[in-house]
Amino acid sequence: MRVSAKTDYAVRAAVELASSAEGPVKGEHLAEAQDIPLQFLEHILLDLKHAGIVRARRGAKGGYWLAKPAEEVTLAEVIRSVEGPIANVQSAPPESISYRGTASHLQPVWIAMRASLREVLESVTLADLASGNLPEQVTKLSDSKDAWQSR
């Protein structure tokens, strides 16, 4: 799976909002705090707003804040809000694709891959990231030496 810059920026901005207790946070502050290009971030924040993850207010005392508690927002929700469904194959859900011949057993592999991604992404919340207290299953996977090997 390739994590796009858009996804990475969206998660980082959302975690920054989750760790802020000072009320609305200006887009400029989010961009500076996470080294995200402001124009790109503004489009991402709009996607997050449309998905109901953040709220926004204009003006001198305006900014962005989470629309619901950080404990209730998963990474999967943030990713879907900016990228759409998780783990599509050629822009289609894997259950809608059929293969012929020797590739006929590929569909269950794509579905299993999606299920595995969901298992991790739906178990981690913005609060988990902000606190550094990740779910045990995620820690167990990331503690494996093999997990750190690029292939």
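Rule-based calculations on the coordinates, nothing more; no lab input. A quick note: this is a predicted structure, and the numbers were derived from the prediction, not measured. Positions of Cβ are generated from backbone atoms using ideal geometry, with glycine treated the same way; all protein chains shown enter the neighbour counts.
What pairs in LYS26/LYS49; LYS6/LYS145; LYS6/LYS140 have C-alpha atoms more than 21 Å from each other?
Correct reply: LYS6/LYS145; LYS6/LYS140.
Separation of region 73-125 and region 126-148 by C-alpha centroid, Å?
21
5 Å is the cut-off here: which amide hydrogens, built 1.01 Å from N in the peptide plane, fall below it relative to VAL54, excluding neighbours closer than 5 in sequence?
Amide H to amide H, under 5 Å and 5 or more residues apart or across chains, VAL54 pairs with LYS49, ALA67.
May I ask which residue of ALA31, LEU48, ALA13 lies farthest towards the positive end of the charge dipole of region 1-51, with charges of +1 (Lys, Arg) and -1 (Asp, Glu) on Cβ and the Cα centre as origin?
Value computed over the given set: LEU48.
What value, in deg cm²/dmol to 500, does the helix sum -39500 (n - 2.57) over DSSP H runs of n ≥ 4 give at 222 nm once divided by the residues of the chain?
Value at 222 nm, helices only, nearest 500: -14500 deg cm²/dmol.
Quick one: 3J(HN,Hα) in Hz for region 144-150, Karplus 6.51/-1.76/1.60 with θ = phi - 60°, rounded, Gly and Pro as x.
5, 4, 4, 5, 8, 8, 7
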